[in-house]
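Here the structure comes first, spelled out in structure tokens, and everything after it is commentary.
The values are calculated or read from the model by the stated rules, or taken from the named source; none is laboratory data. None of the values given here were measured: they were computed from a predicted structure. Cβ coordinates were reconstructed from backbone atoms using ideal geometry, including for glycine residues, and neighbour counts include every protein chain displayed. These area figures cover heavy atoms from the full protein model, side chains too; ligands, DNA and RNA do not enter into them. Shrake-Rupley method; radii C 1.70, N 1.55, O 1.52, S 1.80 Å.
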Amino acid sequence: AGAWPASSALAEAAQAGGGLRIQRLAWAGIRLQLPGATLFIDPLLDRDVWGDALADPLAPIAAAEGSAHVLVTHAHGDHFDPKAVGAALAGGGALVHPAGTHPLPLPPRARAWAAATWEPQLLGDFTATAVPASDGYGDPQVSWVVSAGGRRIFHGGDTLWHGHWWRIARQFGPFDAVFLPVNGARFGWRKPVSGQPGVLTPEQAVAAATVLGARRLVPIHYGVSGMEAYVEVADPIGGLRRALRGRATRLQVLAPGDWIDWT
């Protein structure tokens, strides 16, 4: 595929056609909002997924006015939540998931289709492309590149470090914002236990943001504690701040429910 428009052209498009707003939801979820169009990625509403281990409040998800779509990075319950997808697509819309996954159940009014990597999906006013990612369990997973309202963003799901960052950067970078997992979680559910992070650590997230040419890094996928078989790194936000010293990428920490600003 050819190169995407330069960032200056994207900024001019935003001024001409109405800008993109982005809200952080709970855990790894975000909401991208344009006038008359909404796109969710990995929304979460089901408190039972993490229970009291997740400190995040669950930001409400209402049916969108105008066109609505949901992207999921993979089919694990903390990224594909049927309750959240049902709320987002209560008025109808599309659920787009990685090829090789089969997220069920589907909301009554939703339609679903699988997206192959590197193939752009035209979703009304959004263009979304699934790009390679690596899951800590080896299950199918993608990250998403989304262009809308003159901005280009990257959502990493809960990927770990892999070798595709440079190709993604060449194909789509630089990015106005990257939403990356940062908790470096170590799992104890698969035996024998590896002791290795199955999600990006703060230092790896900064490395990914640097390769991707990110203007800002918004951390997602952190804030779980008190679980014996799922252990985050200590102080992931502090780790990000230390790793970003001397780098051009800006850190923007959003609480669930907060909106990104482009100033």
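Sort 119, 232 by heavy-atom solvent-accessible area, probe 1.4 angstrom, most to least.
Details: 119 100, 232 35 Å².
Largest accessible area first, the residues go 119, 232.
Where Lys and Arg each count +1 and Asp and Glu each count -1, what net charge lies around residue 99 among other residues with Cβ under 15 Å from its Cβ?
Values: positive: none; negative: 119, 135, 139.
Result for the neighbourhood of residue 99: -3.
How do 187, 154 stack up against each other in accessible area, from largest to smallest, with a 1.4 angstrom probe? Don't skip to the answer; put the middle values down first.
Values: 187 40, 154 0 Å².
Listed by decreasing accessible area, they come as 187, 154.
Springs between alpha-carbon pairs under 10 angstrom, Gaussian network model over the chain: which of 185, 207, 68 fluctuates most?
207
In the chain, with Lys and Arg counted as +1 and Asp and Glu as -1 at Cβ, which of these residues, 206, 38, 91, has the Cα nearest the positive end of the dipole, that is, farthest along it?
After comparing all options, I get 206.
Given labels modelled 7 Å from the Cα in the Cβ direction, how far is it in nm from residue 237 to residue 167?
3.6
State which stretch of the chain is the longest one without any exposed trypsin sites (Lys or Arg not before Pro), exposure meaning a DSSP loop state and at most 15 other Cβ atoms within 10 Å. The partial results should precede the final answer.
On the way: sites that count: 109, 190, 245, 247.
Of all site-free stretches, the longest is 1-108.
Leaving out ligands, DNA and RNA, what percent of the accessible area of region 12-110 is carbon and sulfur, probe 1.4 Å? It would help to have the intermediate numbers written out before the result.
Numbers: 2030 of 3780 Å².
Taking all protein chains in place, region 12-110 shows 54 percent carbon and sulfur surface.
Net charge near residue 27: determine it from the other residues with C-beta under 12 Å of the C-beta of residue 27, scoring Lys and Arg +1 and Asp and Glu -1.
Numbers: positive: 24, 47; negative: 42, 46, 56, 78, 81, 158.
Value of the local net charge: -4.
How much solvent-accessible surface does residue 194 expose, in Å² to the nearest 10, with a 1.4 Å probe and all protein chains in place?
Roll a 1.4 Å probe over it and residue 194 shows about 80 Å².
Suppose all protein chains stay in the model; what accessible area per residue would a 1.4 Å probe give for region 19-254, in Å²? Please report the intermediate quantities before stating the final value.
Working: 9070 Å² over 236 residues.
Normalised by residue count, the accessible surface of region 19-254 is 38 Å².
Out of 92, 195, 136, any idea which swings most in a Gaussian network model of the chain, alpha carbons joined below 10 Å?
195
If Lys and Arg each add +1 and Asp and Glu each add -1, what is the summed charge of the other residues whose beta carbon sits under 14 Å from the beta carbon of residue 70? Before the final figure, lay out each step's value.
Working: positive: 31, 83, 109, 111; negative: 42, 81.
Here the count lands on +2.
How would 180, 104 rank on accessible area, largest to smallest, probe 1.4 Å? Let's see the in-between values first.
Details: 180 0, 104 125 Å².
From most exposed to least exposed: 104, 180.
Counting only helical runs of four or more DSSP H residues, what would the 222 nm mean residue ellipticity of the chain come to if each run contributes -39,500 (n - 2.57) and the total is spread over all its residues?
On the way: 5 runs with 46 residues, N = 263.
Taken over the chain, the calculation gives -5000 deg cm²/dmol.
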